[in-house]
Amino acid sequence: MDIGTGKDIKKYGRILGYDLVRPDEEFSVSQYVNFVKGAIEEIYSKNKLPILVGGTGLYIKAVVDNLNRISIPRNIKLRKKLAIKTSDELFAILMKINPMEALKLNPSDKANPRRLVRLLEVLSYGEAPVSATESLQFDEVLWVGLRASERELKELIAKRVDERIKSGFEKEVGFLKQKDFFRYAPSVTLGYKDWPDAEKWKHEEFKYAKRQMTWFKKDRRIRWFDPATTRLRGASVYKEVEDYVRRWHNIQNAKEN
C-alpha cells in the first residue's frame, strides 16, 4: 500500500515507521508506541533529534502523553457481539454504561463504530494495566503545526490524489486484489475503498483532514504557522519554522550543559 498512502519514500529516503506490517495484519496504537520507543532510542543513540510527523493525533498523543489505555488487549468475543450494532446503538450502550465517557466524545467519535467499540472494550476491561510506554519520558516536546485555508487544503489534496493516480495507483489496487489483500486494511482505507471514484476519494480525504485539524486545534501546546500569511509578508514559512525549532533546541542544549 505504498502509492495510495502517499509514503513518498523515493522523495525523502528512509523514514522510520513505514512498512511495519502486511495489509492483512492488524496494527494497534500499542504496537505503534512499542515500535516508536525503539526508533526514538535508535535516533538518540546517534545524538540526533527525533521528529514525529503525521496527522493521526491519537498515535502522537499516545507516544508523547503516555496513555495507559492503549495496552488494554482486544476482547474478540465482545467485538463480535458489538459488530452488528450501529453507531447509534453503540453510543446508547456507552451512555448506559458510562455517561461521563460518552459525553466526552465529539460528533466524529460518536459516529465512528470502531472507536465506540474500542471504548466499550476498554471500559469492560476494568482498571487499565501499566502502559508499554511507561519508559517513554520526555523532558521537553516542541509541537509545530502548519495550517491552510479550506480552499488551499482542497487544492493540495486534489493535487496529491492526482499524483498518486498517475504514479500507478490503479495497478497497486489490482495487485492487492490479486494477492487477496484488498479485503483487509485496503477495504477500509481512504482512496482504496473509494476507487475508482477519484472525486469521492478527494472529498473523503478533505473530510478526514478537517477532522484531524479539529483534533489538533484542541491542543494548546501547538505553535501554528500559516504558509499563506508568511508568503504575504515576503518570508518563508520553512525558514520561520527552522528558526523557531533552532531557538528551542539551543535552549534545551543549554539546560543540559
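Here the contact order of region 73-125, divided by its residue count and restricted to Cα pairs under 8 Å and six or more residues apart, works out to 42 percent.
Note that the chain, at 4 °C in a medium of 1.567 mPa s, gets a Stokes-Einstein diffusion coefficient of 62 µm²/s from its Kirkwood radius over C-alpha pairs.
Stokes-Einstein diffusion for region 73-125, with the hydrodynamic radius set to the Kirkwood value over Cα pairs and evaluated at 4 °C in a medium of 1.567 mPa s, equals 119 µm²/s.
Counting only Cα atoms, region 130-257 measures 57, 48, 26 Å along its principal axes, largest extent leading. Candidates Phe206, Phe181, Leu142 compared by Cα position along the dipole of the chain: farthest toward the positive end lies Phe206, with charges placed on Cβ. The order of the peptides 101-108, 206-213 by mean Cβ neighbours within 10 Å, most packed first, is 206-213, 101-108.
GNM remark for the chain: springs join alpha carbons under 10 Å apart, and the peak mean-square fluctuation among Thr230, Thr214, Thr56 falls on Thr230. The calculated FRET efficiency for Lys7 paired with Arg223, based on their beta-carbon distance and R0 = 45 Å, is about 0.95.
What separates the Cα centres of region 23-84 and region 192-218 is a distance of 22 Å.
The spacing between region 94-121 and region 231-257, judged by their C-alpha centroids, is 39 Å.
Charges only on Cβ, +1 for Lys and Arg, -1 for Asp and Glu: so what's the dipole of the chain about the Cα centre, in debye to the nearest 20?
Values: 50 positive and 37 negative charges, 79 e Å.
Magnitude of the dipole: close to 380 debye.
Full extension of the chain between Asn253 and Ser167 yields a length gain of 26.7 nm, computed as 0.36 nm times the residue separation minus the alpha carbon distance.
Since every read-out is calculated from the coordinates, none of them should be taken as a lab result. Please read these numbers as outputs of a predicted model, since none were measured by experiment. Using ideal geometry, Cβ is built from the backbone for each residue, glycine included, and neighbour counts are taken over all protein chains shown.
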